[in-house]
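Computed from the coordinates by the stated procedures, all read-outs in this text should not be read as laboratory data. Being a predicted model, the structure only gives us computed values, none of them experimental. Glycine also receives a Cβ, built like all others from the backbone with ideal geometry; neighbour counts cover every protein chain displayed.
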Ligand code: F3S
C-alpha cells in the first residue's frame, strides 16, 4: 500500500504510541484487502462499547490507546450497556455500571463524543453523499452507504478507533465504485408499511442473499419509505444478510448510478411477508417486556409513542431506547413526561440487546426484526414482532 510521508511517519512512531498502533491496524487491513492507499474519513462511529462485549481485555486496549491517542475527526459511539444517567432504574448492576463508565471515560479521554447511539446520522454525526467515513454499527453502515450514499466498510471496534485516531482508512471495499454494484434484483409485489413490516422485508431479503452468497440487493416496488422504515430495514437486512449496501429504486441516491441487475430476480409477495412475520413470533409467548427503538428511536417515533400513551398506564416493563440528544428534545417538548407518567422508561445510550439483561424477561415484543434476532440469540427471550401501535397496546394491556 502506498503511504504518504506523514502516514509513514505515523507508522514509524513519530506521532506517538497510539498513532503508531492505529497505523499498524490500518495498514494490516489495507494489505489484506489490497488497498492501494488510504483515504481521508469525515467521521467515525465506534462499536463494541458495552462492557458486556469489551470485558477487561477490551478495557486494557482502550486504556493503552488513551494514554496518548487523540481523535482527528468527529467520532461518536455505538450504544453502551446501560443508560448512563438512569441505569439504576433499569436494574443494572452497580459493578457493571462502574466498569461501563471506565470504558466511556477512556473514550472521552481520546476526544470522542460519548454520545452512545446506533443512529449517529440522526444526532449530528451525519455524512453527506459520497463522503468517506469509517463506521462500525451494521445498521448504521447499511443506512449510510445506502440511504445517504456515503462510503464505509463495516469496521470492527479496533479498526474504527484506529481510523478515528488517524483520520483515515484504507481505501477498499465499499469505498470504491466497482464494489457498489447491485447483484440481485428483488421485486416487491405487496404494500410494505411501518417499521415492523420493513424489518420483515429485510429478513426475507437478507435470508435470500445468504443462500445466494450475494451481498448487494436492488429493490423495486417500494413507492415510498420514511427514515424510520429505512432504518428498520437496514438493521434487519444487515442482521440477516450481512448487507452493508442496497439500492432501492427511486428512493436511495445511487439506485440509477450502476447497472440494474437482470440475471437473478426474485419476487416477494404478500404470502412471503406473512410467513416471515409468523417466523418472528414464537409460539406460547408470555410477554413481560416491550421495547421500541431498535435502531434507536427518532423524535418522530417518540412523539408517536407519547400520543399513544397519553393518559394510559403500562402494565409491563416498557423501554424506549434512544440517543441522549433525542431524549433531550423529547424532554423539552414534553413527550418524556407523558411517556414516564404512563410508567414507561427511557433507556438512553443503550438498547434491549446490548444491556446485560440475558434471561431477565420471558418474552419481548418489539417492532424490530433485528431485536427479534438478538432477543432470541443473545438474551434467550421468546419474541414477538408488531407495529409500534401493537407494541404500545401490548404494554398497556
Ligand atoms: Fe441499535 Fe441495539 Fe438495535 S445497537 S440497531 S438498538 S440492537
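If I stretch the segment between residue 303 and residue 32 completely, what's the gain in nm (0.36 nm per residue apart, minus their alpha carbon distance), one decimal?
92.9 nm
Output the peptides 186-196, 12-22, 260-270 sorted from most to least packed, where packing is the average of other Cβ atoms within 10 Å over each peptide's residues.
Values: 186-196: 18.7, 12-22: 17.1, 260-270: 13.2.
Listed from highest to lowest mean packing, they are 186-196, 12-22, 260-270.
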If contacts are Cα pairs under 8 angstrom and at least 6 residues apart, what is the relative contact order of the range 202-318 in percent?
-> 28 percent
Using a simple spin-label model with points 7 Å from Cα along the Cα→Cβ vector, what separation in nm is obtained for residue 109 and residue 53?
-> 2.1 nm
Three principal axis lengths of the chain [C-alpha, angstrom, descending] = 64, 56, 36
Expressed as a whole-number percentage, the relative contact order of the chain with C-alpha contacts under 8 angstrom and at least six residues apart is 18 percent
For the chain, what is the percent of antiparallel DSSP beta bridges, rounded to the nearest 5?
-> 10 percent
Stretched fully, the stretch from residue 332 through residue 14 gains (0.36 nm per residue minus C-alpha distance, one decimal, in nm) 109.7 nm
Pop the C-beta distance of residue 63 and residue 262 into the FRET formula with R0 = 45 Å and round what comes out to the nearest 0.05.
-> 0.25
Using label points projected 7 Å from each Cα along Cα→Cβ, tell me how many nm separate residue 282 and residue 187, to one decimal.
-> 3.8 nm
Can you work out the FRET efficiency for the pair residue 4 and residue 212, with r the C-beta to C-beta distance and R0 = 30 Å, to the nearest 0.05?
-> 0.15
Grab the Cα-Cα distance for residue 226 and residue 393, subtract it from 0.36 nm times how many residues apart they are, and report the gain in nm with one decimal.
-> 57.9 nm
State, as an integer percentage, the relative contact order of the range 161-236 based on alpha-carbon contacts under 8 Å between residues 6 or more apart.
-> 40 percent
